[in-house]
Amino acid sequence: MEEKKEKFLDALAQGRGIISTACDATGIGRSTYYRWYNADPAFRERVDEVTETQVDFVESKLIQAIDRGDITATIFYLKTKGKKRGYSEKAQPKAPDPLPVATTLPPPAPSEEDGRKIASRVKSKKAYIVKLLKEQGKYTAELTYQVDITAKLLVRADILGDEIMAGGHRAVNVEYSREGNARKTIDPKEKLYIELLEKGQKALRALGMNTESKERKADSDEFNDFLAAVKPEDDE
């Protein structure tokens, strides 16, 4: 390791791990120290060792004060090390009411009947899309696979949309850290629903622009009519 870094590490140890003291002693700026720390793993490890040694030293002094009967030191120790046992002045968040047992269990696996219903909805959606494409003179056998993908995306989006709109769904979840800080996160279903809608739109757009297995631009009015025709279709 470079001589200047070694001098800095010696000064850091003598200065009880205080960075500014070590910088002044070796004549370097804090920006230089942070550049060394981020770019040199060996230097960073030595700095962390000095810091840990200093923490151990201070902690030993705290324990000595507690042994002498220092009430302030005892209270400080309990507030930092004993927080899990309730030794904290910070108000702890009230635990939310437990959810009903039924909502905490994983959703049941789809039954064969559910599978048949979904397959029927996909088949119905495919037939309807093909019908619309034929009416517009755009359907070819090469579009079969694209139609199948589009139908499945639309049905999946419909199913997930029904779950999101059902009672009891929460778009935003709230979690609490050990310190009592609240963290809000978007339910994964919300993000998945948006992704399915976007993919469904792209799939519909592809069908509206492809004929004879070659991509071409279609009039915007024709494409909008196609989207409008698919939207109100009843799967049931």
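The values are calculated or read from the model by the stated rules, or taken from the named source; none is laboratory data. Note that the structure is a prediction, hence the values are computed from the model and not measured. Heads up, the Cβs are rebuilt from the backbone with ideal geometry, glycines too, and the neighbour counts pull from every protein chain shown. When the accessible area is computed, the model is the full protein with side chains, heavy atoms only, and any ligands, DNA or RNA have been set aside. Shrake-Rupley method; radii C 1.70, N 1.55, O 1.52, S 1.80 Å.
Suppose the filter is among the charged types (D, E, K, R), exposed (fewer than 15 other Cβ atoms within 10 Å of the Cβ) and under 30 Å from PHE76 (Cβ atoms); does ARG46 pass it? Steps first, please.
Details: among the charged types (D, E, K, R): yes; exposed (fewer than 15 other Cβ atoms within 10 Å of the Cβ): no; under 30 Å from PHE76 (Cβ atoms): yes.
Spelling it out, it is not the case that ARG46 is among the charged types (D, E, K, R), exposed (fewer than 15 other Cβ atoms within 10 Å of the Cβ) and under 30 Å from PHE76 (Cβ atoms).
It is to be established whether one or more residues within the stretch 1-16 are under 38 Å from the mean Cα position of the chain (by Cα) and either more than 23 Å from GLU59 (Cβ to Cβ) or free of Cβ contacts under 8 Å to residues at least 60 places away in the same chain (or both). Don't jump to the end; show me each part of the working.
So in the stretch 1-16, the residues under 38 Å from the mean Cα position of the chain (by Cα) come out as none.
Taking every residue of the stretch 1-16 in turn, none turns out to be under 38 Å from the mean Cα position of the chain (by Cα) and either more than 23 Å from GLU59 (Cβ to Cβ) or free of Cβ contacts under 8 Å to residues at least 60 places away in the same chain (or both).
Mind telling me which of the residues THR26, THR32, THR72 ends up being open to solvent by 60 Å² or more (accessible area, probe 1.4 Å) and either at pLDDT below 90 or within 15 Å of GLU2 (Cα to Cα) (or both)?
Working: THR26 fails: open to solvent by 60 Å² or more (accessible area, probe 1.4 Å); THR32 fails: open to solvent by 60 Å² or more (accessible area, probe 1.4 Å).
So the residue among THR26, THR32, THR72 that is open to solvent by 60 Å² or more (accessible area, probe 1.4 Å) and either at pLDDT below 90 or within 15 Å of GLU2 (Cα to Cα) (or both) is THR72.
Tell me, which residue of the stretch 47-82 that is more than 36 Å from the chain's Cα centre (by Cα) and among the small types (Gly, Ala, Ser) is nearest to CYS23 (Cα to Cα)?
SER60
Restricting the first residue to the stretch 46-69 and requiring it to be under 13 Å from LEU12 (Cβ atoms) and of a type outside the set (Phe, Trp, Tyr), which pairs with a second residue that is open to solvent by less than 70 Å² (accessible area, probe 1.4 Å) and not in a helix (DSSP H, G or I) meet a Cβ separation below 7 Å and a spacing of at least six or different chains?
VAL50/GLY17; THR51/GLY17; GLN54/GLY17
Among (1) surrounded by 14 or more Cβ atoms within 10 Å (Cβ to Cβ); (2) part of a helix (DSSP H, G or I); (3) not hydroxyl-bearing (Ser, Thr, Tyr), which single condition is PHE57 missing?
(1)
Out of all the residues in the stretch 111-166, which are of a type in the set (S, T, N, Q), part of a helix (DSSP H, G or I) and touching a residue at least 12 places away in the same chain (Cβ under 8 Å)? Even if it seems obvious, please write down each step before you answer.
Taking the stretch 111-166 first, the residues of a type in the set (S, T, N, Q) are 111, 120, 124, 136, 140, 144, 146, 150.
Subset that is part of a helix (DSSP H, G or I): 120, 124, 144, 146, 150.
Matches in the stretch 111-166: SER124, GLN146, THR150.
Is there a residue in the stretch 193-212 that is part of a loop (DSSP other than H, G, I, E, B), at positive phi and either surrounded by fewer than 14 Cβ atoms within 10 Å (Cβ to Cβ) or at pLDDT below 75 (or both)?
Filtering the stretch 193-212 down to residues part of a loop (DSSP other than H, G, I, E, B) leaves 212.
Checking which are at positive phi leaves us with 212.
Cutting the leftovers down to either surrounded by fewer than 14 Cβ atoms within 10 Å (Cβ to Cβ) or at pLDDT below 75 (or both) gives us 212.
Yes - at least one qualifying residue is present in the stretch 193-212.
Suppose we filter LYS84, LYS5 for residues that are assigned to a helix (DSSP H, G or I) and exposed (fewer than 14 other Cβ atoms within 10 Å of the Cβ); which single one remains? Before you say what the answer is, go through the steps one by one.
Working: LYS5 fails: exposed (fewer than 14 other Cβ atoms within 10 Å of the Cβ).
Being assigned to a helix (DSSP H, G or I) and exposed (fewer than 14 other Cβ atoms within 10 Å of the Cβ) holds for just one of LYS84, LYS5, which is LYS84.
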